[in-house]
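The values are calculated or read from the model by the stated rules, or taken from the named source; none is laboratory data. Worth saying up front: this structure is predicted, and the values here are computed from it rather than measured. Don't worry about glycine lacking a Cβ; one is built from the backbone with ideal geometry, like all the others, and counts go over all protein chains shown.
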Amino acid sequence: MVEQEVVRATVIGKLGRLRIYLYLVLLLLYLAAYFLGYAVKPSPQFAAQVNKQLNQFTEEVSKLSLVSQIAAFSYKLTNLMVSLGPSLIPVFGIWNTATQWVYSGIATNAVASNEAVAITAQTILLSIILAIPSTDGLLTVLLLINSVRDKSFKELTILSARSYIMGVIITIILLIIFMTMP
């Protein structure tokens with residue numbers, strides 16, 4: 001009995017280290033995707049379109065904030081969740097986040113320097129936040145695949161699924177806090 005507990009603790013410890021390594025790999029992947037997009041030089045038409053959309057978004061938030069701060073916050077949060085909400089889905093979220101970061105990198109080259117710095121800072125902060133559920137989701141899927149073949153992975157799969165659910169909840173809370181910042 002004691003030997004099983006030692007083995008279980010060892011496996012959970014190794015799973016925790018694997019989670020950290022996966023987190024760092026995904027974080028680097030997201031930042032590499034952003035800088036890949038940043039390396040692309042946008043056309044003048046694309047730059048004009050990005051600036052127009054950014055100005056429209058800013059004007060809409062300003063109009064809504066005159067009516068209600070809650071309306072402006074809801075508008076910003078809805079726009080964020082439309083583009084990054086799918087990033088909370090296991091495995092698909094990794095691809096979605098990387099794609100959004102390539103677009104953000106391209107948009108960074110299309111806007112003025114103040115806005116470019118803001119986009120870069122936002123992307124780095126969101127990468128740190130979104131890598132949490134992506135890591136736990138990927139780990140849960142991998143353990144789920146293994147638990148189909150070997151029933152001894154069932155407990156680890158449940159542990160990882162709980163971690164994924166907590167990661168999603170924490171990420172949503174952090175995104176809400178992030179959107180309340182000016």
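Quick one: is residue 157 surrounded by 14 or more Cβ atoms within 10 Å (Cβ to Cβ), of a type outside the set (A, V, I, L, M) and either modelled with pLDDT under 90 or under 18 Å from residue 57 (Cβ atoms) (or both)? Considered against the rule, which asks whether it is surrounded by 14 or more Cβ atoms within 10 Å (Cβ to Cβ), of a type outside the set (A, V, I, L, M) and either modelled with pLDDT under 90 or under 18 Å from residue 57 (Cβ atoms) (or both), residue 157 comes out as yes. Looking only at residues in the stretch 144-180 that are within 24 Å of the chain's Cα centre (by Cα) and among the aromatic types (Phe, Trp, Tyr), the one that is farthest from residue 79 (Cα to Cα) is 164.
Candidates 88, 80, 84: the one that is in contact (Cβ under 8 Å) with a residue 12 or more places away in the chain, more than 20 Å from residue 29 (Cβ to Cβ) and not small (Gly, Ala, Ser) is 80.
Residue-by-condition table, conditions (1) polar (S, T, N, Q); (2) on the phi > 0 side of the Ramachandran plot; (3) part of a helix (DSSP H, G or I); (4) surrounded by 16 or more Cβ atoms within 10 Å (Cβ to Cβ):
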{"residue": "126", "(1), (2), (3), (4)": "no, no, yes, yes"}
{"residue": "130", "(1), (2), (3), (4)": "no, no, yes, yes"}
{"residue": "135", "(1), (2), (3), (4)": "yes, no, yes, yes"}
{"residue": "143", "(1), (2), (3), (4)": "no, no, yes, yes"}
{"residue": "161", "(1), (2), (3), (4)": "no, no, yes, yes"}
{"residue": "166", "(1), (2), (3), (4)": "no, no, yes, no"}
{"residue": "169", "(1), (2), (3), (4)": "no, no, yes, no"}
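A Cβ distance below 6 Å, combined with a sequence gap of six or more or placement on separate chains, defines the contacts here; from the stretch 169-182, residues that are under 11 Å from residue 125 (Cβ atoms) reach residues that are of a type outside the set (Ser, Thr, Tyr) and part of a helix (DSSP H, G or I) in the pairs 174/129.
Against the condition in a helix (DSSP H, G or I), modelled with pLDDT of 90 or more and farther than 22 Å from residue 130 by Cβ, how does residue 45 come out, does it pass? So residue 45 passes the test.
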